[in-house]
């Protein structure tokens, strides 16, 4: 199918045409009044006057107004004649069909839908899309209803996007893009895909962002437990790394300052005690040793 292309249509200034029609109407009225007073209303003259008045009344139908960021698609007997984009008061051929199209930015607040992510987990997702008509001819002629077209294609693009990314990382895939952790990248990908889908409708996507994202209720509890477990494991890993560093530093300081000489067995015992104290999830209770170090 050949895509339509918008053509700018020049129209007449409506105020100028209105002034001309007003003067013409006054002239016609005066002519009828003048001939009636002198009794010169013959059949031929009356026929001409009726035709002139009919044409004058017909020309009144050519007026239309356009607000800022509004266009009028002009159609003459089924053929596209052009698009008027200049705001103001206009006049064009009364036979032209004038289909007005808003060029303002619009918001599409999508309903929450349920879809499976890349790992097959059911999730709930929704998005907000900001769009506007870029080519009025395509919007009117190339799709049946461009507003409905944008709505349907937005849902299709969102479903496809959700199935292409996991909801969250599994721990071992820290660098992978996810719906929850890579909002900006995911939003850009959604904008690009949606623009490709609605291009034939003459629509430009200004922005598309996720407005809702959550696990489906049937797995939300299990996924919350998994996230909590991953958080605990990650925290413990950081604690162990820090504790090992502190133990190494303590042994190095003791040897450097010759504070106490420890054999390998005593070093192992000290390391064990320090790790228990540093890595424990509860406060340690100290035991005072009243004897010697080796007692």
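Taken together, the values in this text are just the output of simple stated rules run on the coordinates, not laboratory data. Not measured: the values here are computed from a predicted model. Virtual Cβ from ideal backbone geometry, glycine too; neighbours counted across all protein chains shown.
Numbers at a glance
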item	result
Approximate spin-label separation residue 8-residue 185, in nm, with each point projected 7 Å along Cα-to-Cβ	4.2 nm
Calculated FRET efficiency for the pair residue 35/residue 55, C-beta based, R₀ 22 Å, to 0.05	0.75
For the range 12-101, the Rg and Dmax computed from alpha carbons only, in angstrom	17.2, 54
Förster radius 25 Å - calculated FRET efficiency between residue 152 and residue 177 (Cβ-Cβ, nearest 0.05)	0.45
Descending principal axes extents, the range 106-215, alpha-carbon based, whole Å	50, 23, 18
Ordering of 122-128, 92-98 by burial proxy (mean other Cβ atoms within 10 Å per residue, highest first)	122-128, 92-98
Label-point separation in nm, residue 114 to residue 195, each point 7 Å along Cα→Cβ	3.4 nm
